[in-house]
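Heads up, the thing below is written out as structure tokens.
The values are calculated or read from the model by the stated rules, or taken from the named source; none is laboratory data. This is a predicted model, so every value here is computed, not measured. Cβ sites come from the backbone with ideal geometry, for glycine too, and all protein chains shown count toward neighbours.
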Amino acid sequence: MSRFPHAIGRRSFLAASAAAVAIGPGCAGADTPPPGLATRPGLGAIAASKNILFGACSRGLIPENGPFRVGNDAAYSALFQHECRMLTTEYEVKMPNTRPRPDTWDFDAADMLLDYATKSGMAFRGHCLLWSSVMPKWFAQEVDAGNAEAFITDHIHKVAGRYAGRVISWDVVNEAITDGDEAAEDGLRRGPLYDLMGPRYLDIAFKAAHEADPKSLLCLNQDAVEYDVDSQDYRREKTLGQLRRLLDAKVPIHALGIQSHLEPGWLKFTPEVLSKFLDDVAALGLKVFITELDVVDRRLPADIPARDQGAAAAVQEFLAVVLPHPAVAMINSWGLSDRYNWIEDSGMRRKDGRRSRAQLFDDDLAPKPVYQAVVDALNAAPARSAPLTLLP
Ligand code: 9MR
């Protein structure tokens with residue numbers, strides 16, 4: 001299926017290739033094992049003891065977008081296997097990657113990640129089938145109001161159908177709701193999908209995903225709904241509105257994803273506000289997945305101990321609200337180590353030029369205070385009645 005034979009088995013650290021990877025300056029290499037694995041059970045195991053699924057995203061091999069990290073960096077792979085029970089695609093199934101041209105498909109990177117997850121005994125999570133902010137350049141020329149529904153349906157059938165029965169959960173639509181000038185009246189983000197189909201694009205996408213993969217838990221994945229500010233109040237209200245609308249229309253949807261790129265030192269966090277939102281989503285009969293947990297540290301101090309404490313405090317206050325809630329069934333970290341950190345390739349970098357420390361593990365794959373915050377929160381969490389499974 002894949003032309004990449006790199007996937008390695010659980011704990012087969014030595015067998016993995018230590019091929020050249022771009023890792024952080026001055027940090028230990030791919031052949032230096034991560035410290036401390038023998039002395040801790042791993043987040044995946046702690047979470048599983050509460051029937052919570054814990055995992056992280058990783059990139060597959062995309063030449064212009066970074067190496068196959070879990071497959072090429074043996075130390076990183078060992079850490080990933082120790083800590084994670086689920087692997088989430090980071091870029092591989094987004095439309096510009098699966099479909100470089102309207103009639104050309106490329107599943108190599110996604111296949112590679114699925115092979116790795118399967119051989120490692122991990123669940124596999126698909127992110128994301130549609131994201132109106134990340135679309136191929138050709139889309140506007142090829143798709144118009146007349147063919148949009150058929151086009152989107154066919155696209156989702158092909159992608160979700162390829163992996164049917166093997167994806168614990170799909171982010172069907174990413175970041176659908178926004179605020180300010182980008183938002184239409186119903187809070188939906190204007191863009192290539194909304195402009196052609198209106199709110200119906202959500203209905204079309206979820207139906208197509210369910211047809212293609214009837215066992216996968218289908219998720220609407222939303223950003224910027226964690227904090228107590230007007231713009232996020234608006235997003236929470238509009239998100240609930242769309243969820244109600246979809247459920248009333250009998251559209252197959254099973255979960256709301258709350259991305260949770262936490263950003264301490266900026267927006268106000270009020271536990272009751274987030275808690276009420278979780279209650280409102282759960283009252284609709286939906287699960288909640290924490291889909292992209294990490295800490296954007298650009299507003300924290302430069303001093304590393306102070307910065308790491310700030311990150312740990314943000315995660316601690318967030319998880320203290322989220323994890324007691326029985327609807328929350330999954331935590332996915334958006335990366336695992338600062339060695340591979342999406343923030344460094346984004347507009348969210350620190351202004352002082354220092355490398356971001358968004359992740360649970362540092363460049364040398366050692367746990368940071370934020371890791372302990374997650375351990376403590378998981379240990380304090382009540383057990384869920386059952387683990388997350390594919391639909392019957
Ligand atoms: O981490 C992802 C990065 O590798 C991609 O280049 C980028 C664009 O596709 O997306 C990043 O992940 C985003 C995720 O898909 C949706 N929420 C925000 C994440 C960080 O930008």
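General remarks:
- Of all residues assigned to region 56-68, at least one qualifies as being of a type in the set (D, E, K, R), part of a helix (DSSP H, G or I) and modelled with pLDDT under 85.
- If only residues of region 242-257 that are touching a strand residue (DSSP E or B) at 6+ places or on another chain (Cβ under 7 Å), of a type in the set (A, V, I, L, M, F, W, C) and in contact (Cβ under 8 Å) with a residue 40 or more places away in the chain are counted, the one that is surrounded by the fewest Cβ atoms within 10 Å (Cβ to Cβ) is Leu243.
- Checked against the criterion of being more than 16 Å from the ligand (Cβ to nearest atom) and under 19 Å from Ala56 (Cα atoms), the candidates Leu319, Leu336, Leu391 yield just one match: Leu319.
- For beta carbons closer than 7 Å, sequence separation of 6+ or different chains, a first residue in region 202-230 that is free of Cβ contacts under 8 Å to residues at least 40 places away in the same chain and a second that is among the charged types (D, E, K, R) and part of a loop (DSSP other than H, G, I, E, B), the qualifying pairs are Val229/Lys268.
- Residues in region 214-264 that are over 20 Å from Val172 (Cβ atoms), within 16 Å of the ligand (Cβ to nearest atom) and hydrophobic (A, V, I, L, M, F, W, C): Leu262 only.
- Counted residues, region 259-315 - those being in contact with a strand residue (DSSP E or B) (Cβ under 7 Å, 6 or more places away or on another chain), β-branched (Val, Ile, Thr), part of a helix (DSSP H, G or I) and more than 15 Å from Val328 (Cα to Cα): 1
- Pairs meeting the criteria (first residue in region 168-194 and of a type in the set (Phe, Trp, Tyr), second residue surrounded by fewer than 18 Cβ atoms within 10 Å (Cβ to Cβ), beta carbons under 9 Å, at least 6 apart or on different chains) are Tyr194/Ala184.
- Some residue of region 199-214 being in a strand (DSSP E or B) and not charged (D, E, K, R): no
- From the options Glu175, Glu182, residue that is within 16 Å of the ligand (Cβ to nearest atom), touching an Asp or Glu at 6+ places or on another chain (Cβ under 7 Å) and farther than 16 Å from Val251 by Cα: Glu175
- Among the residues of region 72-108, those identified as within 16 Å of the ligand (Cβ to nearest atom), part of a helix (DSSP H, G or I) and crowded, with 24+ Cβ neighbours inside 10 Å are Tyr76, Phe80.
- Test result for Asp154, more than 15 Å from the ligand (Cβ to nearest atom), acidic (Asp, Glu) and either assigned to a loop (DSSP other than H, G, I, E, B) or within 18 Å of the chain's Cα centre (by Cα) (or both): no
- Pairs where the first residue, in region 87-112, is within 17 Å of Trp342 (Cα to Cα) and the second is more than 14 Å from the ligand (Cβ to nearest atom) and in a helix (DSSP H, G or I), C-beta under 7 Å, 6+ apart: Leu87/Tyr116; Leu87/Ala117; Val93/Val159
- Contact map, region 302-331: residues that are touching a residue at least 12 places away in the same chain (Cβ under 8 Å) paired with residues that are among the aromatic types (Phe, Trp, Tyr) and outside any helix (DSSP H, G or I), Cβ distance under 7 Å, separation 6+ or inter-chain. Pairs shown: Glu317/Phe269; Ala329/Phe289; Met330/Phe289; Ile331/Phe54.
- Among the candidates Thr88, Thr118, residue that is under 16 Å from Ser169 (Cα atoms) and in contact with a Cys (Cβ under 9 Å, 6 or more places away or on another chain): Thr88
- Residue among Pro301, Pro305, Pro271 that alone is closer than 29 Å to Ser169 by Cα and at pLDDT 95 or above: Pro271
- Any hit, region 204-225, residues being under 29 Å from Phe124 (Cβ atoms), surrounded by fewer than 19 Cβ atoms within 10 Å (Cβ to Cβ) and acidic (Asp, Glu): yes
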